[in-house]
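Data first, discussion second: the structure below is written as structure tokens.
The values are calculated or read from the model by the stated rules, or taken from the named source; none is laboratory data. Since this is a predicted model, take the numbers as computed values, not measurements. All Cβ positions, even for glycine, are placed from backbone atoms using ideal geometry, and neighbour counts span all protein chains on display. Side chains are part of the model used for accessible areas, which takes the heavy atoms of the whole protein and leaves out ligands, DNA and RNA. Shrake-Rupley method; radii C 1.70, N 1.55, O 1.52, S 1.80 Å.
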Amino acid sequence: MQSNVLLKNLLLSSSTINKIRYEKDKKLRGKYTGSLVGLIILDILVLFYCVLSSIGLGATGLTQYIPALCALSVSFLEFFLCIFKTSGYIFSVHDYEMIMSLPIPAKKIVASRFMYMYIKNISWVFLISVPMMVSYGIFASPSFLVYPLWLVLTFFLPMIPMLLATLIGSLIAALGARARHKTIVQTVLTFAFVLFIFALRFIVENVFSEGKLEEAMQQVALSLDKMKTVYAPAVWFEKSVSELTVLYALLFVAVSLAVFEIVFLVISRFYKSIVSRLMSCAASRNYSVKKLESSSVASAVAFKEFRCMMGSTNYMVNMGLGLILCAILTLACVFIGFDNIIKFFTHNAPFDSAILIPAVPLIVFFCLGMTSTTSVSYSLEGKNLWITKSLPVLLRELVNGKMLFNLYLFVPMGIVCNFIVAMSAKASIPETALCVLCGVFQCLYATAWGMLCNLLLPKMDWKNDIEVIKQGASSALYMLPNMFLTMGLGVLSVVVGMKTGSVVSILLLTALYAVLTLISWTGVLVRTARM
């Protein structure tokens, strides 16, 4: 009962629909509506993927694999969504002292926060599960009992992966809480885990090779068979719905509940200790001013943004992932070679890697431009924005400082990576110089576009920075169009390069990003003038 009250308060205070319903300020209501529209677009994309994948299996005579695909898709999605949210949701220090003063056991507090995370993600689970259930029903024509059983088991599908992610996230938080520099240690541990996941062997290979759908679906089926041997709950779910085996359904539910109980017994045992350490400050030191220096407002804001990033593991992990992947790509080109990397992805098929030279800036930018600090930095001011507005600082100067920080962070990496990857691809000196120039304009575009997205869809009333960094509408608005644009231009630049030459293709690409930068920057100026 106590955990239900805590859960209800969390849901009511963070509900976007509630904010739209009761907010009297038309501007804020419009921002909440825009955020809701952004989430609906993401839901449609997930729904589209699930419909296509399940229809592909059914149309090629592999209907029996649809339940396993459903279980594994939900499990992987929930695991990766929750691994980075544990620290922010479970060990959030917001209102910690007030909640701990209440006569509520730590286990119920932890359980309520986990269930909050579970409810926030359950819509994604049903977006995956229901289309696959419908496709399975169309192609397999099962008994009517399959449908209610499938829907009931869907509620339990995300529990085990979420609990495993919570346990790993708690371990990272516990290890980091013991260190002097908590944020740095937690960030390093999180990056180490992420890179370990990326280093695993690709599960699905040769997908859609040679344009043969049947062959691709056979590869998916083989991959599903391999994954089921590792993750037993997927087998239990599959047998429960395909064979209507009650024993497997009960086993699946019982194991999910048992894991839930065990995980939260462990976490609640150390919960107070972990949060107390996370809240503790370094011991005081004797401080003396040795040198005072003045700087511009933009530089001061950029340094403030740097300190903000250093103080948040979520900020560092999400904004630094693109930098890490870009560095890995560059090192791979140095030690393995651009040609060998292409051969790995094409499975040694006869292919002239020289035709990919026009796409080098886009290959680098696909990693580097994955995130932009400007897409969230304005929102991260949160309820402290009034402090900045009370100073003699124009909004444009604040925005310029946040954009400057993003340029400090990404432009040097973009220059170095484009230069090394272009040289590894055996590009000529003019081609290499143009790749570097294009990389600079791409960073300018990412900075301006990210800031425009954040100014259009700011989220200032957050309680945890995860709501801005991972769930904010501005970060989604930045990432999705940018990702599709990069992939589309990658193909187009190669086609144009084959007809006009690499130099012309990269010049056109650079000019395009210059125009996009100008448009985005103009949008930022107009938006700041109206705010």
Subset of segment 102-122, residues of a type in the set (A, V, I, L, M), part of a helix (DSSP H, G or I) and more than 18 Å from the chain's Cα centre (by Cα), comes to A106, I109, V110, A111, M115, I119
One residue is enough: does segment 384-391 have a residue meeting the conditions within 17 Å of T517 (Cβ to Cβ) and either charged (D, E, K, R) or surrounded by fewer than 22 Cβ atoms within 10 Å (Cβ to Cβ) (or both)?
no
Collect the residues in segment 227-270 that are assigned to a helix (DSSP H, G or I), within 28 Å of the chain's Cα centre (by Cα) and among the hydroxyl-bearing types (S, T, Y), keeping them in residue-number order.
T229, S256, S268
For segment 492-507, how many residues are at negative phi and free of Cβ contacts under 8 Å to residues at least 12 places away in the same chain?
5
Any residue that is open to solvent by less than 60 Å² (accessible area, probe 1.4 Å), within 18 Å of the chain's Cα centre (by Cα), within 18 Å of I363 (Cα to Cα) and among the small types (G, A, S) - is there at least one of those in segment 509-516?
no
Enumeration of residues in segment 436-467 that are out of contact with any Pro (no Cβ under 8 Å at 6 or more places or on another chain), of a type in the set (S, T, N, Q) and either open to solvent by 40 Å² or more (accessible area, probe 1.4 Å) or within 19 Å of L323 (Cβ to Cβ) (or both)
T447
Give T388, T346 a once-over and let me know the one that is at pLDDT below 80 and within 30 Å of N418 (Cβ to Cβ).
T346
Out of all the residues in segment 426-435, which are open to solvent by less than 50 Å² (accessible area, probe 1.4 Å) and part of a helix (DSSP H, G or I)?
E431, T432, L434, C435
Selected residue (only one of V134, V130, V125 is open to solvent by less than 10 Å² (accessible area, probe 1.4 Å), among the hydrophobic types (A, V, I, L, M, F, W, C) and either at pLDDT 85 or above or part of a helix (DSSP H, G or I) (or both))
V125
Sort out which residues of segment 458-506 are charged (D, E, K, R) and over 21 Å from S375 (Cβ atoms), and write them in order of number.
K499
Could we say that S474 is at pLDDT 85 or above and either crowded, with 23+ Cβ neighbours inside 10 Å or within 18 Å of the chain's Cα centre (by Cα) (or both) here?
no
Across (1) of a type in the set (A, V, I, L, M, F, W, C); (2) touching a helix residue (DSSP H, G or I) at 6+ places or on another chain (Cβ under 6 Å); (3) open to solvent by 20 Å² or more (accessible area, probe 1.4 Å); (4) at pLDDT 70 or above, A68 clears everything bar (3)
Residues of segment 93-122 being modelled with pLDDT under 80 and open to solvent by 60 Å² or more (accessible area, probe 1.4 Å), in sequence order, are V93, H94, D95, E97, M98, S101, L102, P103, P105, K107, K108, K120
